[in-house]
Structure formats: structure tokens, C-alpha cells
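**Student:** Okay, handing you the structure first.
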Amino acid sequence: MNTSPVLVYDGDCGFCTSSMQFARRRIRPRCEATPWQFADLAALGVTRERAEHEVLWVTPTGAVYGGAHAVAKLLMSAGGAWAVLGALLRLPPQRWAAHGVYRLVAANRRRMPGGTPACAVPARRHPGGPRD
């Protein structure tokens, strides 16, 4: 069992990896961070499909938060002004805006700075997206 939260991100995505490096340097979250490609997803209680779809915050007790909520948890774990920002992202209407911005960035991460074609998640992997 983990004693600290685990942040699971896409290690094949240049934008996601750059964002995680920025967070480690500047925000300094109190968590383990690991690409989903190297994580024991079953032990974390997460599916590969979900890990491909969004960043995940997994607590030591096994609670899983995804997307903008995971980002808010990361910020809150850092303490100080970052924690205040994270807490604000959990309140309406900021929560709704954060969710929308997160989904927009996630859908276009291959176009973001550091993004590569490997950053694109096939449409069939997105919940509600077209199926083969």
C-alpha cells in the first residue's frame, strides 16, 4: 500500500511530461508521480483506458480523482498559495471552468508546447467517442 498519493500521467506525451517536470520544479507536490506506462495500474485500481484519457490522482486509501480534480489535488498537496489555488478549483463555478479547460487541453495536447503526435489519444479511446 502506498503511503503517499500517486499522480499518474501519460509518459509518452511530451506536453504531459513537460507539465509534470514543471510541477516537480515549481509546485513541488507531495506525491509520487509516475507515467501510466510504468505504473501498476491494477494495484492502483485504475484501468488503462482511464489512464490514457486523463491525469489521475490516487490516494493511499485508493480513492481516484481524474482530470481537473486531480490537478486540484496536486496543487493542494503542495501547500501555501498553490493549495489555495487548488481549493478554489474545487468550488463552483471555477470547478466547471477548470473541467472545461482541462478537457480542451487534453483533447488538444498534441498541439500544446512540447506536444508530439504521440500525445494524441485515438478518438475511440475517449469516452463517448466514435468506435471502430
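The values are calculated or read from the model by the stated rules, or taken from the named source; none is laboratory data. Because the structure is a prediction, the values reported are computed rather than measured. Cβ atoms come from the backbone with ideal geometry, glycine included; neighbour counts cover every protein chain shown. For accessibility, only protein heavy atoms count, side chains too; no ligands or nucleic acids. Shrake-Rupley method; radii C 1.70, N 1.55, O 1.52, S 1.80 Å.
**Student:** Does segment 39-55 contain at least one residue that is open to solvent by 20 Å² or more (accessible area, probe 1.4 Å) and at positive phi?
**Tutor:** yes
**Student:** I would also like to ask the following. Checking Val64 against (1) touching a strand residue (DSSP E or B) at 6+ places or on another chain (Cβ under 9 Å); (2) in contact (Cβ under 8 Å) with a residue 24 or more places away in the chain; (3) of a type in the set (A, V, I, L, M), only one condition comes out false. Which one?
**Tutor:** Failed condition: (2).
**Student:** Taking segment 32-64 as the region of interest, how many residues are among the small types (Gly, Ala, Ser) and assigned to a helix (DSSP H, G or I)?
**Tutor:** 3
**Student:** Moving on to the next point. State all residues of segment 70-92 that are in contact with a strand residue (DSSP E or B) (Cβ under 7 Å, 6 or more places away or on another chain) and either free of Cβ contacts under 8 Å to residues at least 40 places away in the same chain or among the small types (Gly, Ala, Ser) (or both); if no residue qualifies, say none.
**Tutor:** Ala70
**Student:** Name the single residue, out of those in segment 14-31 being touching a Pro at 6+ places or on another chain (Cβ under 9 Å) and outside any helix (DSSP H, G or I), that is farthest from Ala78 (Cα to Cα).
**Tutor:** Cys31
**Student:** Which pairs turn up if I take residues in segment 16-31 that are over 19 Å from Tyr102 (Cα atoms) and look for partners that are part of a helix (DSSP H, G or I) with beta carbon separation below 6 Å, at least 6 apart in sequence or on another chain?
**Tutor:** From residues that are over 19 Å from Tyr102 (Cα atoms), the pairs are Arg28/Ala78; Arg30/Ser77; Cys31/Ser77.
**Student:** Determine if segment 75-88 includes at least one residue that is out of contact with any Lys or Arg (no Cβ under 7 Å at 6 or more places or on another chain) and assigned to a loop (DSSP other than H, G, I, E, B).
**Tutor:** yes
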